[in-house]
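Structure record follows, encoded as structure tokens.
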Amino acid sequence: MAAPHRVLVVDDEPSIVDAVATSLRYEGFEVLEATTGHEALHLARTGDPALVVLDVMLPDLDGFEVARTLRREGQNTPILFLTAKDELDDKVEGFTAGADDYVTKPFSLAELILRTHAIIGRTAAAADTETLRFDDLEMNTRTHEVRRGDTPITLTATEFKLLRYFLANPRVVLSKTQILEHVWEYDFDGDSNVVETYVSYLRKKLHALGPPLIHTIRLVGYTLRSADPEK
């Protein structure tokens with residue numbers, strides 16, 4: 001039997017940590033618990049979690065800074081932000097910091113469990129195919145290494161999954177709905193702006209190293225396509 005996935009739950013309210021941890025354990029997950037940003041960083045570094053459920057408002061480091069620190073250190077562990085903030089700017093900051101999902105308080109435990117299963121399921125599926133290539137772009141799904149030519153590229157977990165979907169469907173025009181369904185696995189409350197945001201992040205990282213590869217097809221979607229018509 002495979003070992004259960006481990007989830008790190010971080011919130012400054014012990015009652016929320018207890019409620020989320022109890023629900024996750026009932027679903028068969030192992031759970032690590034933290035109530036501060038520094039505790040979260042320590043457990044994320046040493047506990048090998050498959051997912052971090054991370055509150056934004058913490059008494060020392062806020063959740064955004066915790067996420068940014070982990071990403072700077074090269075950790076691609078998926079992060080699900082748990083927060084009372086619901087403004088678009090806060091969501092953008094969360095995704096910029098490296099979030100994979102965003103749940104707004106008050107939330108239902110059933111929804112959080114559903115999203116936890118979805119995120120971990122996507123991460124596991126991403127490891128099924130080891131190497132994907134297109135043009136001068138190469139991804140190793142087991143080591144999470146991405147290179148364009150000889151240059152390594154650092155991606156957040158969601159950027160990685162989005163690029164993997166493009167690499168699995170080269171030259172195919174993918175609609176925002178298709179991307180949401182396959183990368184996020186649900187409609188993100190109907191807000192397709194998250195797709196535009198992540199495509200923009202990915203383009204900046206890829207296109208800084210060579211000719212454009214991700215192209216917009218007006219009124220349809222996006223496609224991974226070489227600038228060279230012969231490819």
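The solvent-accessible area of TYR165, taken with every protein chain present and a 1.4 Å probe, is close to 30 Å².
Between GLN178 and GLU27, the FRET efficiency estimated from the beta carbon spacing at R0 = 35 angstrom works out to 0.80. On full extension, the segment bounded by ARG133 and ARG171 gains 12.4 nm, given 0.36 nm per residue less the C-alpha separation. Once both labels are positioned 7 Å from their Cα atoms along Cα-to-Cβ, the gap between LYS105 and ASN140 label points is 4.1 nm.
Heavy atoms only, 1.4 Å probe, whole protein assembly: order ARG203, ARG115, ARG45 by accessible area, highest first.
On the way: ARG203 60, ARG115 15, ARG45 120 Å².
Heavy-atom accessible area, descending, gives ARG45, ARG203, ARG115.
Residue-wise HN-Hα couplings along region 197-209, as the Karplus relation 6.51 cos²θ - 1.76 cosθ + 1.60 with θ = phi - 60° gives them from phi, are 4, 6, 4, 4, 4, 5, 4, 4, 6, 6, 6, 5, 10 Hz; Gly and Pro carry x. Largest first, the residues THR104, THR46 sort by 1.4 Å accessible area into THR46, THR104.
Computed from the Cβ-Cβ distance with R0 of 35 Å, the FRET efficiency linking ARG218 to ARG68 stands at 0.55. The stretch between ALA84 and HIS38 holds 14.5 nm of extra length on full extension. This uses 0.36 nm per residue minus the Cα-Cα distance.
Were the residues from LEU209 through ASP60 laid out at 0.36 nm apart, the gain over their Cα-Cα distance would be 49.9 nm. Heavy-atom accessible surface of HIS117, to the nearest 10 Å², is about 80 Å², with a 1.4 Å probe and all protein chains retained.
Over region 3-66, what percent of the accessible surface lies on carbon and sulfur atoms, probe 1.4 Å? Present the calculation step by step, with values, prior to reporting the outcome.
Details: 1490 of 2850 Å².
Whole-percent figure for carbon plus sulfur exposure: 52.
The values are calculated or read from the model by the stated rules, or taken from the named source; none is laboratory data. Please read these numbers as outputs of a predicted model, since none were measured by experiment. Ideal geometry is used to build each Cβ from the backbone, glycine not excepted, and the neighbour counts take in all protein chains shown. Ligands, DNA and RNA are stripped out before the accessible areas are found, and what is left, the full protein with its side chains, is counted by its heavy atoms. Shrake-Rupley method; radii C 1.70, N 1.55, O 1.52, S 1.80 Å.
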